[in-house]
Amino acid sequence: MIVDQAEELLLSDADDAPLFVHALAEAVRRCAWLVYTVRADFLDALMRFEAFEPLLRDHHLVKPLSRAELPLIINAPLDTLGWRLDDLALGLVQEDAAGEALPLLAFALHRLWEYVNPDGRRTPRAITRGEYEASGRVQKVLETQAEEAFSMARDSLRDQERSSGSDAGRTVLKALGRLVAVDESGKYTRRPVALRDLTDQELRLLRPFVACRVLTTVRHPSEDPRSLESATGDGWERLAEDAFEVAHESLFDHWPRLRESLERDHDALRARREIEEIADDWARFDRPPDQLIPASRLMRLLSVLSRHTEGADAEGEFVAAWPELRDTLRELQVSRTALSLVEQSLQRMADDEVRRSEVLVDSDPRAALHMLAGDGSARGDVLVRLLLHAPDLGEWRRLLRRAMAAHPQLRSFREREAGLWGVAWSPDDSMVVTGSKDGGVRVRDADTGRVLAEFRHAREARGDGPGWVRSVDWSPDGELIASVATDETLRLWSWRAREEVRIVPLDDRPWSVRFTASGGAVLVACADGSARVWEVAGASRKPVRTCLSTGAGPDGRPRAVRLWDADISADGRYVAAAREDGLIDLHDRDGKVVQLSPFSDDEEPQAVRSVRFGPSLPDLVRLAAGDQSHRATTHVRTADGRGGRAGTFEGHEDQVRRLAWSPAHGRLATAGADATVRVWGVVEGQELLTLRGHGQGVCDVAWSHAGDRLASAADDGSVRIWKVGPEPLAERDIHEAHRVAWSARTSRLLLLSNSVTHAMADVAVEHASADVPPSATDVLRMTGIAFASSLAWSPDETRCAVVSDGDKVSLWEGFGQPGQGPGEVVTLRAVAELTDAHDTVTDAQWSSDGAWLAVTSKDRTWLPRVYDRDGRPWQSATGWTRHASFLSALAWHPVLPEFAVAGQDNLITVNSLDATTAEYRGDRVFLSLAWHPDGTALAVGCTDGGVLVLDRTEDGLRARRPLLGHRQAVGTLAWSPDGSLLLTGSRDGTAKVWSGATGGCLTVLRVQAASLPGTVEQVFWAGSPSLAATLAGGTVRFWDVSDAGDRPQCGPPGGDHDDLTGLITEARLRAR
């Protein structure tokens, strides 16, 4: 009797094994010989199998053939026929039979016999080594068997999945590749793979190779702790599992099909071996977090394992590369330890780079952008290639957006080597035109910098160089571009037709050109003291208007004074000319000339380099001038000759070469020879923003027509586009007012004005006018309450809670209905006075249904107080968590009957009327609160300038990453009506609009001057997600923040939040 694969008696489901062994033993005892085979690696376990003991008595163990026994086994049968293998042939056979190839040797010897004795009648003789080699040896058998198994597996897969033969073949070879490794020398070696680690498909594809003796089944040490938990047996058997292994390593060299496939993956296999070796050492020392794979070594490994090591895929799009890399490593069957090592190494490398960049975000955001996004060079891309393989890119995205928000420069385009002296926007703000010292006039896409059109002036009229373009302007209808240059011509260009429309010779070198407000004429200022106007549609070289600036010469006779600039008023009545001698000529249409001086009697006049008209009335002229004394000034003049210098703006360290009014005329931008652009608040008289980046003096500056961007041109040959944020749509001065309230239901605005003495409280109704948002129906001014500090309007607008005298809360009613006549005064009726706070009241808010009023204060109870709408106190529930310090703010949930309370003890509690339902403790001091409109998140303003967003979950409050950008405490915040935006106000004098989805800063509202920051006391939304409002210094300002979506501060316009390509491309463009 012959029993093959006797090790199967050890299987857990072989319940009848003892009975079967007993029957075999009885047969041997009576009349039979028993031959049984067992895999050598199961022999030890089989000998310890109690039921098998009867067969181990008086047995004879036949061991595997040794190398010395092989010649006898081969030649003994041949000798009976007179044949034999000579010694050289036997030596080669012994070499081929090494390892697990013995089963294939029978096939090889059979092929040899058919080769030397094909008809069975040849004369017996010695078989030579050459004949054995010619028959193909074991290697040929391997190739034949492998091809047969390959065909079986491929055809099976093709039939099952209806795939093409080539695709099915690649899948089969991919499965075989899992059984191959590469040693240190680069040689292919066998690699056992546990059957448990193979997919069902891979098992089906590999079983034909086992049947054809190309693969063998072996016992292999388990790497998976889970397999040990379910394992049976003792000792080695408990630690081992079945695995597939290649029968003979010569398969790698002598099966061309597999060899070609392996050559394509050779480097990946070597990388896998290297990672596994590092992982073994890492695991040996208990996986220390500070001994991960260094970045330089990671880069080399990734260059082999990932197709994204160039930073972008074949289509030029950047992608998060970790998911694909993880799949690649799994296909290579790296161990779980090695996979964890690579994952942690990539994440640590990205986190380290984020930490290094974070140090630079505020001081040098451009350098931070280069570190995080690269600069497009091969060296700069190395870091990005690694960063994009990190498993979690959240912190990288957050810091990249923060760096863009901190860097006001949007674009920088260089104009070869020549300096730029003129810049202007197209009417739709999509393009800019520049004038260069090389004589070129170029139209560029304002976003990409691509040159869309190029024109050229002639060479200098009084020299040998190119015609230096000193000024450019774009017509209001967008059709024409005007330029003047040292070829002493005015030229008009059609940028659409890419051609010159008109040329006008000039009498001297020009310094500026300006279209009139209607676009029907152009004004040119020349060094000969003339400012002339030509009609655009005319063909005559004669100007329709000439203004001459003269002064007394040394002999007392009139002489021309050099002009540096000129401008024409919107109504065309006045022409202002900037003179070399420090004066400004104001030419009336009737020929009358009035002179203005930016300098006082005790100041030495210096050249006025630029002049621009501001908003003017029929009887009032307003203009601004920049001069060589490093400053700008504003001037007003009435029709009867009164007026003078209205404001002075000092801060530049060199001459002011050009200036420009913002479209709403609330700001001035100045271009300085000190290489800076500065933005000033005209009303405040203070600097709002300084823009640095040019390498040489700035020669011109222009506002976009939307008013949120600036373009500047400089001697360094660059034009830069800056994000400066919107300016207020309207301002309403409410002197000594501390709070406002906006009704989303009826669009009414309630203003609380302070009083010095107590009187009967009343409300005055005013008409909504141009200086309030167009959506407002009524403006109510509440007066008569002394030392009032804040108010809260009930949702139904029938009652108002006012905090006064520090610790008093009074309730008032009688506000009337919307649409009351302007000027009507309504006397309010006191409902209740709440005086049990005993100390400074910090906040008072109505619940969303108006049924409850909650109050926080600095009294020593450290608990909030709740009242019904009539002022009757609600007995504080014993279930509320008591804070450990003063309470600073509260906010009612918009849906649920609960409210959040912030304390100076770093604790936020969410309380129902009966108990505390959630808590959050952080490491910041909290100052203000605001619930998201749907109640899913709570925004928190902090004293360190940070803003937290806490998600409301079933488990409580979970913090997102903080929003960083304010430099001082955030005392007020508000979500937009649709919840997409968060508006924050800070003591640093700014309000910021943040994306609720990404946490990036979208735009900055510069409420107060940067040099003298003041507290933004309150922020709110005036009826729409694009209309924000701020209260600071007694002034309510309304802002159109639609630029937050059109041109966000922190990323590409309207981009997908997950679009890495857009994010990186935008960051690189900004960091140029």
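The values are calculated or read from the model by the stated rules, or taken from the named source; none is laboratory data. The model shown is predicted, which means the values in this text are computed figures rather than measured ones. Note: ideal-geometry Cβ built from the backbone for every residue, glycine included; neighbour counts use all protein chains shown.
Pick from region 918-936 the residues that are free of Cβ contacts under 8 Å to residues at least 40 places away in the same chain and surrounded by 16 or more Cβ atoms within 10 Å (Cβ to Cβ): which of them is farthest from His966 (Cα to Cα)?
Here the residue is Ala918.
Answer yes if at least one residue in region 979-986 is of a type in the set (Val, Ile, Thr), surrounded by 20 or more Cβ atoms within 10 Å (Cβ to Cβ) and touching an Asp or Glu at 6+ places or on another chain (Cβ under 9 Å), and no otherwise.
Keep residues of region 979-986 that are of a type in the set (Val, Ile, Thr), which gives 984.
Now narrow it down to the ones that are surrounded by 20 or more Cβ atoms within 10 Å (Cβ to Cβ): 984.
The next check asks that each one be touching an Asp or Glu at 6+ places or on another chain (Cβ under 9 Å); those that pass are none.
Looking for residues that are of a type in the set (Val, Ile, Thr), surrounded by 20 or more Cβ atoms within 10 Å (Cβ to Cβ) and touching an Asp or Glu at 6+ places or on another chain (Cβ under 9 Å), one finds none in region 979-986, hence no.
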* Asked: Can you spot a residue in region 308-328 that is part of a helix (DSSP H, G or I), in contact (Cβ under 8 Å) with a residue 24 or more places away in the chain and touching a Phe, Trp or Tyr at 6+ places or on another chain (Cβ under 8 Å)?
  -> no
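Return yes when Arg121 is among the basic types (Lys, Arg) and within 23 Å of Cys212 (Cβ to Cβ) and no when it is not. First the steps, then the outcome.
Working: among the basic types (Lys, Arg): yes; within 23 Å of Cys212 (Cβ to Cβ): no.
Spelling it out, it is not the case that Arg121 is among the basic types (Lys, Arg) and within 23 Å of Cys212 (Cβ to Cβ).
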* **Residue that is in a helix (DSSP H, G or I), under 30 Å from Leu142 (Cα atoms), in contact (Cβ under 8 Å) with a residue 40 or more places away in the chain and among the aliphatic types (A, V, I, L, M), where the choices are Leu81, Leu43, Leu104, Leu72** => Leu104
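With the structure loaded, tell me whether Ala390 is in a loop (DSSP other than H, G, I, E, B) and closer than 30 Å to Leu298 by Cβ or whether it fails that test. Spell out the reasoning first.
Values: in a loop (DSSP other than H, G, I, E, B): yes; closer than 30 Å to Leu298 by Cβ: yes.
Criteria met by Ala390.
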* To do: Report yes if Gly999 is on the phi > 0 side of the Ramachandran plot and buried (at least 21 other Cβ atoms within 10 Å of the Cβ), otherwise no.
  => yes
* Spot the failing condition for Ser163; the list is (1) assigned by TED's automatic domain parsing to the domain that holds Leu205; (2) exposed (fewer than 15 other Cβ atoms within 10 Å of the Cβ); (3) farther than 27 Å from Pro192 by Cα, and only one is missed. => (2)
* Qualifying positions in region 388-405 - under 13 Å from the mean Cα position of the chain (by Cα) and aliphatic (A, V, I, L, M) -> Leu388, Leu393, Leu399, Leu400, Ala403, Met404, Ala405
* Structure fact -> Sole miss for Lys592 among (1) surrounded by fewer than 17 Cβ atoms within 10 Å (Cβ to Cβ); (2) closer than 15 Å to Arg514 by Cα is condition (2)
* To do: Filter region 11-50 down to the residues that are buried (at least 16 other Cβ atoms within 10 Å of the Cβ) and small (Gly, Ala, Ser), then identify the one that is modelled with the lowest pLDDT.
  => Ala45
* What do you reckon, is Arg637 modelled with pLDDT of 95 or more and not in a loop (DSSP other than H, G, I, E, B)? -> no
